[in-house]
Amino acid sequence: MKTADIKKIRKKMEKMLDAKRFEHTLGVAYTASALAMRYDEDINKALTAGLLHDCAKCISNEKKIAICEKHNIPINEVERENPFLLHAKVGSYMAMKQFNIHDQDVINAILNHTTGRPGMSQLEKIIYVADYIEPGRRQAPNLQQIRKEAFQDLDRALVMILGDTLQYLKSTGMPVDSMTQKTYDFYI
Ligand code: DGI
Ligand code: FE
Ligand code: FE
């Protein structure tokens, strides 16, 4: 991943996303790069995955489902009910096909950024955590504490986010994707 390629991705994302989502995307990319510095990970991979993680976010639910069906991307029951969850799977597919990203770790970071997965790589954890703590986020409880923890102990921050996410889903009555629960059980 060269700097020039990253600039190109950034320009494309500005066109593909609405202004608010683009702002969030930049927040995630730069937060991920700071975490990469802290944890000795590849900064350009963190920037690339951060820029692309929500690339499918502004695609309609109907279109996301159609893309999955066309390319044999499996849709589970919870995703069928909450198609916004599919932006992670569709986004990782688009990163490969439209943005020519072939680095499996970057692809996995995009694929698993919403639910996590057991046995995440450092880069996957960095994107998952950066998505939650980037400076533009305001609403989440314990955000101040989680932001601090992210730069002290990445796994602890990960568990805090998974725990708060499950609690939030429970309180709103939204169905839990089995992967979110499995990830929490794995890391707790
Ligand atoms: O795309 P973003 O908003 O930047 O962030 P994201 O991709 O992490 O999505 C966050 C939302 O996903 C948040 O409202 C919680 C929700 N979410 C995470 N895990 C699950 C979930 N929603 C459902 N229904 N089930 C899950 O397991
Ligand atoms: Fe997302
Ligand atoms: Fe995001």
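The values are calculated or read from the model by the stated rules, or taken from the named source; none is laboratory data. A quick note: this is a predicted structure, and the numbers were derived from the prediction, not measured. Glycine also receives a Cβ, built like all others from the backbone with ideal geometry; neighbour counts cover every protein chain displayed. Remember, those area values only see protein heavy atoms, side chains included, never the ligands or the DNA or RNA. Shrake-Rupley method; radii C 1.70, N 1.55, O 1.52, S 1.80 Å.
Odds and ends about this structure:
- Relative contact order, percent, the stretch 1-89 [alpha-carbon distance under 8 Å, six or more residues apart]: 28
- Protein heavy-atom accessible surface, 1.4 Å probe, per residue over the chain: 52 Å².
- Between the stretch 35-67 and the stretch 112-188, the alpha-carbon center distance in angstrom: 16
- Of the solvent-accessible surface of the stretch 34-91, computed with a 1.4 Å probe and all protein chains present, 50% belongs to carbon and sulfur.
- Segment Ile43-Asp185, length gained on full extension (0.36 nm per residue, minus Cα span): 48.2 nm
- When you restrict to C-alpha pairs under 8 Å that are six or more residues apart and normalise by the size of the chain, the relative contact order lands at 21 percent.
- Listed residue pairs exceeding 25 Å between alpha carbons, taken from Lys63/Lys125; Lys57/Lys148; Lys20/Lys64; Lys7/Lys70; Lys11/Lys182: Lys63/Lys125; Lys57/Lys148; Lys7/Lys70; Lys11/Lys182
- Sites Leu143 and Asp18, calculated FRET efficiency, Cβ-Cβ separation with R0 22 Å, nearest 0.05: 0.45
- Additional length obtainable on full extension of the chain from Arg80 to Thr3, 0.36 nm per residue less Cα span: 24.0 nm
- A straight Cα-to-Cα reach below 17 Å connects Lys89 with the aspartates and glutamates Asp54, Glu62, Glu69, Glu77, Glu79, Glu81, Asp103, Asp105, Glu124, Asp131, Asp177, residues fewer than 8 places away in its own chain not being considered.
- For Ala56, the amide hydrogen comes within under 5 Å of the amide hydrogens of Gly91, counting only partners 5 or more places away or on other chains and with H modelled in the peptide plane.
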